[in-house]
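The values are calculated or read from the model by the stated rules, or taken from the named source; none is laboratory data. No experiment lies behind these values; they were computed from the predicted model shown. In this analysis, Cβ positions are derived from the backbone assuming ideal geometry, glycine residues included, and neighbour counts consider all displayed protein chains.
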Amino acid sequence: MCTNRSFSVGSEVGKLRRVMLHHPGKELERLTIDNKDELLFDDILWVEEAQKEHDAFADLLRDNGVEVVYFSNCLAHVLREKEIRSPLLDEVLALEAHDPLLASGLKSVLMEMDPASLAEVLIAGLTKKEAVSLLGSCRSLVLRSSGEYDFFIRPLPNLYFQRDPYMFVNQGVLVSVMHYPARRREPLYAKHIFQHHPYFENVQILFGEEPRDTYPYTIEGGDFHVFSPTCVAVGMSERTASGTVQLVGRRLARDAGIRTVLAVDIPKHRACMHLDTVFTMVDRDAFTIYPGVQKQMRIWELNYDESGDLLSVEESSDLVDCLRKNLCIDRVRLIETGGGDPIAAARDQWNDGTNTLSIAPGVVVTYRRNVVSNGVLRENGIKVFEIKGAELGRGRGGPRCMSMPLWRESL
Ligand SMILES: NC(=[NH2+])NCCC[C@H](N)C(=O)O
């Protein structure tokens, strides 16, 4: 674990110093052809290979001076305390709608588990068969009527997409409200970590603790981009509701120094589920963008004062002008995925060619398979580090989706 507790994310491209990842594990072994759609996957992964790809991603980041913190270690750490473990288990079990006999039976065996094993169960889930081996039988109707391989705790195979369940901005964090049930437990764990792990004691929770910060006020990290210490963009997408933007905007202004929120409306379907699947920042003045949606994007500029009052809402007619003005730069370079070929662009976008992770200004990590788009980035002077993502990419997320910056150097 780290000794230095700096958390600060004031841009998308400042030199990355610390990042949260989740090393994918047994939860991926739960995917089948019958459950993959509900679990938001497009295919069944070769798990060992996905883990190797993920290790290579983490190694690349470390080789470039980034400290990697693992989510499951943080979760196990907070689970050591019974006073934290108990309410967390209540919340987890409540989401599974068990009858009281089963819920209390499961809770008592889970309360006795060692923290690392419990963290694994909470991430990989628990089948009836596994549960029975722990607690034997009881007079629960749920237990008696369910199949051997039904989940009593559902798996979280999307957890390696650490971008989505929470978002760091400046010295604070927003805890997400996820659109799909398959991911609703991820932010719950994140919230307990930020509330109770001593490592995060200086981080202010900006969203996620008040009664209204729940479904259907959805917001996911793939839609959240920190352009500067005073300006963020929020995608209004399949996953993030437009109604959440002002709820969050007010808090960001009042508690985190944000003055401008750019609300970016994008088409609402799976191929571009989050803003970061069509648009990411790659340098101080450069963005990669999927040309297939650029014309459909609409963008509003919301200005706030420091007490969180909304001063104005204006629709902006031009993306480039809007970025230039709000990032206070002379020019903006839009680098198109696919290099002008709509077929190459659509293929690369589906494989997260637009989902780059910047590790310094003008230096990004991408999937190797996006040959055309990686070439275009290089032609535009961007340094590209490639990772293999043949397995990881089947979950529909790239290097940005798989990482949550905790600390970037200021620009
Ligand atoms: N930031 C992102 N684009 N995340 C991609 C998440 C992919 C994941 N399978 C989901 O459907 O939720």
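Pick from Ser373, Ser312: which is small (Gly, Ala, Ser) and within 16 Å of the ligand (Cβ to nearest atom)?
Selected residue: Ser373, the only one of Ser373, Ser312 that is small (Gly, Ala, Ser) and within 16 Å of the ligand (Cβ to nearest atom).
Could you check how many residues of segment 288-303 are surrounded by fewer than 22 Cβ atoms within 10 Å (Cβ to Cβ) and either assigned to a loop (DSSP other than H, G, I, E, B) or of a type in the set (Phe, Trp, Tyr) (or both)?
4
A quick yes/no check of all residues on (1) at positive phi; (2) away from the ligand (no atom under 16 Å from the Cβ); (3) surrounded by 19 or more Cβ atoms within 10 Å (Cβ to Cβ); (4) not hydrophobic (A, V, I, L, M, F, W, C):
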| position | (1), (2), (3), (4) |
| --- | --- |
| Arg18 | no, yes, yes, yes |
| Leu39 | no, no, yes, no |
| His54 | no, no, yes, yes |
| Leu61 | no, yes, yes, no |
| Gly65 | yes, yes, no, yes |
| Asn73 | no, yes, no, yes |
| Ile84 | no, yes, no, no |
| Leu88 | no, yes, yes, no |
| Glu91 | no, yes, no, yes |
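For every residue, the table says whether it meets (1) within 16 Å of the ligand (Cβ to nearest atom); (2) surrounded by fewer than 24 Cβ atoms within 10 Å (Cβ to Cβ); (3) over 27 Å from Val363 (Cβ atoms); (4) not aliphatic (A, V, I, L, M).
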{"site": "Thr230", "(1), (2), (3), (4)": "no, yes, no, yes"}
{"site": "Met236", "(1), (2), (3), (4)": "yes, yes, yes, no"}
{"site": "Gly243", "(1), (2), (3), (4)": "no, yes, yes, yes"}
{"site": "Leu247", "(1), (2), (3), (4)": "no, yes, yes, no"}
{"site": "Asp255", "(1), (2), (3), (4)": "no, yes, yes, yes"}
{"site": "Arg259", "(1), (2), (3), (4)": "no, yes, yes, yes"}
{"site": "Pro267", "(1), (2), (3), (4)": "yes, yes, yes, yes"}
{"site": "His274", "(1), (2), (3), (4)": "yes, no, no, yes"}
{"site": "Phe279", "(1), (2), (3), (4)": "yes, no, no, yes"}
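For a quick check of your reading of the model, give me the residue pairs whose first member lies in segment 120-140 and is free of Cβ contacts under 8 Å to residues at least 40 places away in the same chain, whose second is buried (at least 19 other Cβ atoms within 10 Å of the Cβ) and among the aromatic types (Phe, Trp, Tyr), with beta-carbon atoms closer than 6 Å and at least 6 apart or on different chains.
Close Cβ pairs (under 6 Å, with a partner that is buried (at least 19 other Cβ atoms within 10 Å of the Cβ) and among the aromatic types (Phe, Trp, Tyr)) amount to Leu126/Phe152; Lys128/Phe152; Ala131/Phe152.
At least 2 residues that are among the small types (Gly, Ala, Ser) in each: list the helices (runs of 4 or more DSSP H) lying fully within segment 90-185 that qualify.
Output list reads 100-112, 115-124, 128-135.
So, in segment 231-275, of the ones that are at pLDDT below 95 and in a helix (DSSP H, G or I), which residue ends up nearest to Met297 (Cα to Cα)?
Only one residue fits best here, namely Cys272.
Using beta carbons and a limit of 6 Å, which pairs, at least six apart or on different chains, have the first residue in segment 94-114 and within 15 Å of Ser140 (Cβ to Cβ) and the second one hydroxyl-bearing (Ser, Thr, Tyr)?
From residues that are within 15 Å of Ser140 (Cβ to Cβ), the pairs are Asp99/Ser140; Leu101/Ser140; Leu102/Ser140.
Considering segment 390-411 alone, what residues qualify as being within 9 Å of the ligand (Cβ to nearest atom) and buried (at least 24 other Cβ atoms within 10 Å of the Cβ)?
Result: Gly395, Gly397, Gly398, Arg400, Cys401, Met402.
Select from segment 163-185 the residues that are within 15 Å of the ligand (Cβ to nearest atom) and touching a helix residue (DSSP H, G or I) at 6+ places or on another chain (Cβ under 6 Å) and write down the one among them that is nearest to Pro216 (Cα to Cα).
Only one residue tops the list, namely Ser176.
Would you point out which residue out of Leu323, Leu357 is within 16 Å of the ligand (Cβ to nearest atom), in the same structural domain as Arg251 (by TED's automatic domain parsing) and not β-branched (Val, Ile, Thr)?
Of Leu323, Leu357, the one residue that is within 16 Å of the ligand (Cβ to nearest atom), in the same structural domain as Arg251 (by TED's automatic domain parsing) and not β-branched (Val, Ile, Thr) is Leu357.
Kindly evaluate Asn35 against the criterion of being of a type in the set (S, T, N, Q), at pLDDT 95 or above, surrounded by 13 or more Cβ atoms within 10 Å (Cβ to Cβ) and within 16 Å of the ligand (Cβ to nearest atom).
Yes: the conditions hold for Asn35.
From the residues in segment 93-127 that are under 28 Å from the mean Cα position of the chain (by Cα) and of a type in the set (Val, Ile, Thr), which one is surrounded by the fewest Cβ atoms within 10 Å (Cβ to Cβ)?
Ranking the qualifying residues of segment 93-127, first place goes to Thr127.
Identify the single condition in (1) without any contact (Cβ under 8 Å) to a residue 24 or more places away in the chain; (2) closer than 24 Å to Arg239 by Cβ that Gly147 does not satisfy, given that it satisfies every other one.
The number of the failed condition is (2).
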